[in-house]
1. With the requirement that a residue be assigned to a helix (DSSP H, G or I) and more than 22 Å from the chain's Cα centre (by Cα), what does the stretch 143-160 give you?
2. Hey, residue 84 hits all of (1) under 20 Å from residue 215 (Cβ atoms); (2) touching a helix residue (DSSP H, G or I) at 6+ places or on another chain (Cβ under 7 Å); (3) at pLDDT below 85 but one; which does it fall short on?
3. Show the residue pairs meeting these rules: Cβ distance below 9 Å; 6+ apart or different chains; first residue within the stretch 431-449 and assigned by TED's automatic domain parsing to the domain that holds residue 134; second residue at pLDDT 80 or above and outside any helix (DSSP H, G or I).
4. For residue 321, work out the one condition from (1) more than 21 Å from the chain's Cα centre (by Cα); (2) within 30 Å of residue 522 (Cβ to Cβ); (3) part of a helix (DSSP H, G or I) it doesn't fulfil.
5. Scanning for something at pLDDT below 90 and surrounded by fewer than 24 Cβ atoms within 10 Å (Cβ to Cβ), does the stretch 364-375 turn up at least one residue?
6. Looking only at helices (runs of 4 or more DSSP H) that lie completely in the stretch 462-520, which have at least 1 residues being in contact with a strand residue (DSSP E or B) (Cβ under 9 Å, 6 or more places away or on another chain) and not assigned by TED's automatic domain parsing to the domain that holds residue 331?
7. Looking at (1) at pLDDT 85 or above; (2) assigned by TED's automatic domain parsing to the domain that holds residue 336, can you tell me which one residue 458 breaks?
8. All but one of (1) more than 17 Å from residue 39 (Cβ to Cβ); (2) buried (at least 19 other Cβ atoms within 10 Å of the Cβ); (3) touching a residue at least 24 places away in the same chain (Cβ under 8 Å) hold for residue 465; state the number of the condition that does not hold.
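The values are calculated or read from the model by the stated rules, or taken from the named source; none is laboratory data. Please read all numbers here as calculations on a predicted model, not as lab measurements. Ideal geometry is used to build each Cβ from the backbone, glycine not excepted, and the neighbour counts take in all protein chains shown.
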């Protein structure tokens, strides 16, 4: 399957394809994070009180509804792209996204009615974003030759992950003007992207005859992931007398039902004639290791943005003289080093992965990330910004080093007909990891706050001479409500004192101190640091575990599809460097390709281990090469028919730092 740009333009088709798919990824991921900073303006605009009972649910669903839908649907939409055409699904994603953005822009009413409207249309936005995410990487992989995919996917992934950082700054700037402008910009970009994609991309493959949709697989995966991730969302909300919802039978039951449905999905996929995605893809070493490392990376960094924003908005910025209502904008600005580090490292790592492979770059990136999590753990809550900025920059560099090479390795390893679903699986691992991370990180942070914040609040308020009843009323507020109030850039002390009816009884000087910029942040800093210790230790451990998994990805695997020069079937090459320093194998269609096919040199350890692999897989992992052309190659050199599946001899040996280029 090949995706081409429409003729008539001056820009070479592959770069036109890359620019459009990069815009799609940027738009989809910006909107995953733009509301993090914009929520204070949205809550004020629709007149929703963050401290009112039950309103925490609206906050969480505005944030996580989009992420949940993209996590659930990307595999199904990637499979639909494989069947009906990736460009068709991709273009529809732009249209759906733009329509939902217009609906959010025109939000009617106020209060909970407006909140439910926004949540519903944010979920529809997520459907459009999932269409873009599921097919973007597959379209690029179809368009670019193997030697350029790392660079192209590097640019695309930089846009994708940098979008989650750019959304923080953009959300602060737009919400300072008007909260509706956030959705106006999304609608405008969606319309431009849809028109651009229609004019520049052309689908060259038609629907395959006799292909059926795996309805049971789609249903069990979608419902299972939805129930599981929704249970995680409700687990971090208060339940009765508990500070969190893990004691809620519905949460516990949701976790069990969601897990059971995902197990049923795996069973179904092994039984149906045309599964939604082939579990055999996970037999490809580069595929399973890359996705496992991506999941661990997503869980490690997914909740990082929230922790940093609460840290800045609720504590550091007020302590440094910023008004609470101004903290969302400045939090986005102070997080710019994170974006810069990623933008610097992403394209460079993608280019280097084309030449040297993904293992060292991806593994090194995760190691850098783990080190920065430890560094964030060691600095004080009221830190020096220079040290904080350096750690953010290095964290962005580590994320950039990992993302592009890992994505390239995953997409290179699968057959062309499976690229849509492979891209969807990759995005599902990332998005589900983000949602899982938010649930886990918030739970750990709330647990840390609940153990020490009530006593700190009680002592601080009592020291100011407040009546015992007023002190008890403020201390009874769940820590999660105080944390989200700080997250929304508001100081809840004044509101809580009003609710306790003691505002008129407190001397004006004391009231000014209690509602000022330093009292609440000073009380929060100690308990918040207790929670940060657990959060960043877990993040560092997950990043380190991802680095270990990344080491198991093997050498360089590139799945080559049948070409006219390989009439005998897909060529499966395990590639390495010969002792004379020449490339061990040359791709079909390149000069010298005929001379490259044939028996390889002996393996370094004297023993070639043969294992089944995907047709056309190239694995560069040793100091020698074994090439198989067709499963039943004849002595006269005539291979098996093109529709037969060859077995691939795989040789293990020293890691290869460079492999032959192929177009």
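1. Scanning the stretch 143-160 gives 143, 146, 147, 148.
2. (2)
3. If the second residue must be at pLDDT 80 or above and outside any helix (DSSP H, G or I), the pairs left are 443/246.
4. Condition not satisfied by residue 321: (3).
5. Within the stretch 364-375 (the criterion being at pLDDT below 90 and surrounded by fewer than 24 Cβ atoms within 10 Å (Cβ to Cβ)), the answer is no, since none of the residues qualifies.
6. Once the helices (runs of 4 or more DSSP H) in the stretch 462-520 are filtered for at least 1 residues that are in contact with a strand residue (DSSP E or B) (Cβ under 9 Å, 6 or more places away or on another chain) and not assigned by TED's automatic domain parsing to the domain that holds residue 331, nothing remains.
7. Single failed check for residue 458: (2).
8. (2)
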